[in-house]
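Before any comments, here is the structure.
The values are calculated or read from the model by the stated rules, or taken from the named source; none is laboratory data. Everything numeric here is computed off the predicted structure, so don't read it as measured data. Here the Cβ positions follow ideal geometry from the backbone for every residue, glycine too, while neighbour counts run over all protein chains shown. Areas reflect the complete protein model, heavy atoms only, side chains present, ligands, DNA and RNA absent. Shrake-Rupley method; radii C 1.70, N 1.55, O 1.52, S 1.80 Å.
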Amino acid sequence: MTDRIELAADELRPLLEEFIVWAREHAPASDPDLVGPAALWHRLSASDDVARWRRADLRTVLLDRMPKVVEDPDEAADGMIGAVRAYLTFLSDTDKLAKGSDSLDDLLDELDDLEDDFVEAMEDLIDDDEDVREETGDLGDFEPFADDLADLPTIRLRPDAELAAAARAVPLIAKARDLAVWVGDAREVGEDSLLSDAEVEEALAVIGLPRPATEGSLSKAVPQLWNIWNLAVDLEFLEPDGDDTVSVDDDTAEWPFDDDEDVLDAWMLGLHSVDYGDPELEDDDLTMALGGLSRGLLVRLLLGGGSRGLAALREELAEAAADIDELGADAWAAARDHYGDPLAPVLDWLVGYGMLTVTGDEVTLTPLGTEGVVHLVDDADIELDARPAIDAMTALELLAFSAELPEDEADAEFAAWMELREPGEAARELLEAAGEDDTDALIRVQAASVVGTLGEDAIPAWQAALKEPSLRPYAATHLTQLEVEGAPEPTQDDTHWLILDMWTISAGLGRAEFVSSLRDIGPDLLNNLLEVIWKIPHAHVEELLELISQVHPDKHVAKAAKRALFKARSTS
């Protein structure tokens with residue numbers, strides 16, 4: 001999951017950078033930083049094209065997704081609608097709104113329609129945050145472990161294909177599916193109990209839970225059933241369709257889905273169900289004293305390298321419960337009396353959600369469980385070094401991820417990855433990955449830099465790269481340096497392409513770095529470049545020329561950049 005988010009962010013970065021430049025002049029009151037999360041989740045949950053927006057996408061992103069992922073609801077309430085409005089206007093004004101999108105007027109009308117609901121949702125989150133801050137932390141609070149989590153060695157995450165295969169086998173999701181399918185369309189639910197006792201008996205049979213022996217209301221004696229019901233709601237298998245009716249979602253019966261991305265999206269929707277594993281006791285105060293027990297177990301497993309002895313975990317959590325709440329010791333004793341082991345419901349749920357295995361006295365995080373805990377830690381805004389597994393990392397993932405690392409760490413990642421393949425094969429994979437997106441100059445420069453260290457082993461890969469326009473300048477340069485017979489000499493256009501790539505990277509580092517890189521060239525040489533460089537069919541040439549015209553301190557250079565921009569736009 002993490003690698004998919006990173007790839008989506010990389011796909012969006014050039015578009016967002018261009019929006020930031022555009023917004024300075026056309027929407028200075030908007031906050032471009034608020035567009036990033038909305039655009040990212042639009043790509044992840046609503047569209048396979050970053051530039052295709054429909055009215056329904058806005059509701060999905062702003063009302064369904066943002067309340068679950070937004071970091072600062074106060075800031076979002078004040079500015080996200082305005083920022084998204086500016087971003088959609090930018091896409092339309094610059095002809096980047098993809099085919100299949102709704103019109104700008106329709107999109108802006110939809111924003112107007114949902115603005116009040118969005119602000120209300122953000123205000124609800126603000127109120128919830130204030131309530132949480134007024135309370136003491138529970139057993140699931142990760143903050144006391146922040147320093148230890150930051151000090152952990154790099155955590156390696158398995159690829160999406162493996163995680164999706166594991167998620168398809170999660171028993172609790174299958175039960176939630178079966179329950180939702182049994183619910184069907186427009187089933188009436190009650191106020192005191194969602195289902196009648198007769199319906200509860202049917203539901204228990206459908207999901208394979210035993211009927212408990214009870215003399216009172218059956219619905220009050222089946223907390224596991226209601227946990228699975230709530231999971232079905234979290235997974236969006238069940239949806240309310242009126243004040244007193246619920247219905248199964250049309251796609252629910254298709255679980256497990258064929259598409260890995262859809263599978264992992266669903267599993268992640270249900271991730272916060274880890275809290276359903278916490279013990280439920282007759283006394284509400286005692287139940288609250290053990291709140292967060294499941295998360296407390298998960299974070300201790302992560303800190304323990306993914307595996308811990310059950311007896312030691314049980315003792316540590318019992319002590320933590322007693323320390324954090326004056327009722328903690330009593331609650332632990334009550335849970336022991338009720339379940340036999342206070343950790344029994346925790347382990348049952350987390351094993352059922354595919355996050356743990358229990359072998360004898362040993363409790364171990366599964367790869368899916370590790371992915372989930374890393375996501376929960378990230379949700380808590382706590383630093384953690386988690387990266388894709390080297391053996392399963394594609395060349396594109398390696399390039400994208402290493403771009404965010406310090407140089408020495410990036411070098412170590414490349415070295416470890418290349419140990420697993422022959423130099424010629426490594427060169428081929430890296431250059432093919434770099435050629436996938438001609439807008440990503442940083443990926444291209446990284447790949448060329450690494451492949452350039454492989455010497456003659458990389459010659460076949462460089463020769464193949466000559467066919468890719470965005471890589472030809474690098475291929476021609478390196479083949480010439482290697483004195484390969486018949487290799488084309490780098491042209492002036494090739495040199496200009498390399499300059500545009502470096503400017504693109506410099507612009508991404510910030511205004512100060514970009515201006516500094518331009519000053520290194522000198523105004524005379526820069527003016528000469530501006531007279532010809534606008535002709536290069538580089539993805540960022542217009543964006544860079546506009547930026548130079550806005551930020552260069554020399555008025556003559558700024559004017560030259562504006563003239564070059566006009567020429568570039570006239571011929572594009």
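Of all residues in the stretch 67-79, which are surrounded by fewer than 21 Cβ atoms within 10 Å (Cβ to Cβ) and in contact (Cβ under 8 Å) with a residue 12 or more places away in the chain?
If the condition is that a residue be surrounded by fewer than 21 Cβ atoms within 10 Å (Cβ to Cβ) and in contact (Cβ under 8 Å) with a residue 12 or more places away in the chain, then Pro67, Val69, Glu71, Asp74, Glu75, Ala77, Gly79 are the ones that fit.
So, restricting to helices (runs of 4 or more DSSP H) that lie completely within the stretch 478-567, which ones have at least 3 residues that are within 37 Å of the chain's Cα centre (by Cα), in contact (Cβ under 8 Å) with a residue 24 or more places away in the chain and under 28 Å from Arg13 (Cα atoms)?
By residue number, 492-509, 511-521, 541-551.
Given the stretch 319-389, what strands (runs of 3 or more DSSP E) lie entirely inside it while holding 1 or more residues that are open to solvent by 60 Å² or more (accessible area, probe 1.4 Å) and within 24 Å of Ala176 (Cβ to Cβ)?
Where strands (runs of 3 or more DSSP E) fall fully within the stretch 319-389 and carry at least 1 residues being open to solvent by 60 Å² or more (accessible area, probe 1.4 Å) and within 24 Å of Ala176 (Cβ to Cβ), they are 356-359.
Quick one: in the stretch 101-128, of everything that is outside any helix (DSSP H, G or I) and among the small types (Gly, Ala, Ser), which residue is surrounded by the most Cβ atoms within 10 Å (Cβ to Cβ)?
Ser101
Within the stretch 290-325, count every residue that is free of Cβ contacts under 8 Å to residues at least 12 places away in the same chain and of a type outside the set (A, V, I, L, M, F, W, C).
Here the count works out to 5.
Which of the residues that make up the stretch 416-446 are open to solvent by less than 50 Å² (accessible area, probe 1.4 Å), free of Cβ contacts under 8 Å to residues at least 40 places away in the same chain and in a helix (DSSP H, G or I)?
Selection gives Ala416, Trp417, Met418, Pro423, Gly424, Ala426, Ala427, Glu429, Leu430, Ala433, Ala434.
Answer yes or no: is there a residue in the stretch 213-226 that is open to solvent by less than 40 Å² (accessible area, probe 1.4 Å), hydroxyl-bearing (Ser, Thr, Tyr) and either part of a loop (DSSP other than H, G, I, E, B) or under 20 Å from Tyr276 (Cβ atoms) (or both).
For the stretch 213-226, residues open to solvent by less than 40 Å² (accessible area, probe 1.4 Å), hydroxyl-bearing (Ser, Thr, Tyr) and either part of a loop (DSSP other than H, G, I, E, B) or under 20 Å from Tyr276 (Cβ atoms) (or both): present.
Name the pairs: first residue in the stretch 7-20 and under 16 Å from Asp93 (Cβ atoms), second residue in a helix (DSSP H, G or I) and of a type in the set (D, E, K, R), Cβ to Cβ under 7 Å, at least 6 apart or on different chains?
Glu18/Glu543
Among the residues of the stretch 458-483, write down those that are in contact with a Lys or Arg (Cβ under 9 Å, 6 or more places away or on another chain), surrounded by fewer than 20 Cβ atoms within 10 Å (Cβ to Cβ) and of a type outside the set (A, V, I, L, M).
Within the stretch 458-483, Pro460 is the sole residue that qualifies.
Residue-by-condition table, conditions (1) touching a helix residue (DSSP H, G or I) at 6+ places or on another chain (Cβ under 6 Å); (2) at pLDDT below 95; (3) among the β-branched types (Val, Ile, Thr); (4) over 22 Å from Gln446 (Cα atoms):
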{"residue": "Gly486", "(1), (2), (3), (4)": "no, yes, no, yes"}
{"residue": "Asp494", "(1), (2), (3), (4)": "yes, no, no, no"}
{"residue": "Leu498", "(1), (2), (3), (4)": "yes, no, no, no"}
{"residue": "Ser506", "(1), (2), (3), (4)": "yes, yes, no, no"}
{"residue": "Phe514", "(1), (2), (3), (4)": "yes, yes, no, no"}
{"residue": "Pro523", "(1), (2), (3), (4)": "yes, yes, no, yes"}
{"residue": "Asn527", "(1), (2), (3), (4)": "yes, yes, no, yes"}
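Residues Arg4, Arg13: which one is open to solvent by 60 Å² or more (accessible area, probe 1.4 Å) and modelled with pLDDT under 85?
Just one listed residue meets the conditions, Arg13.
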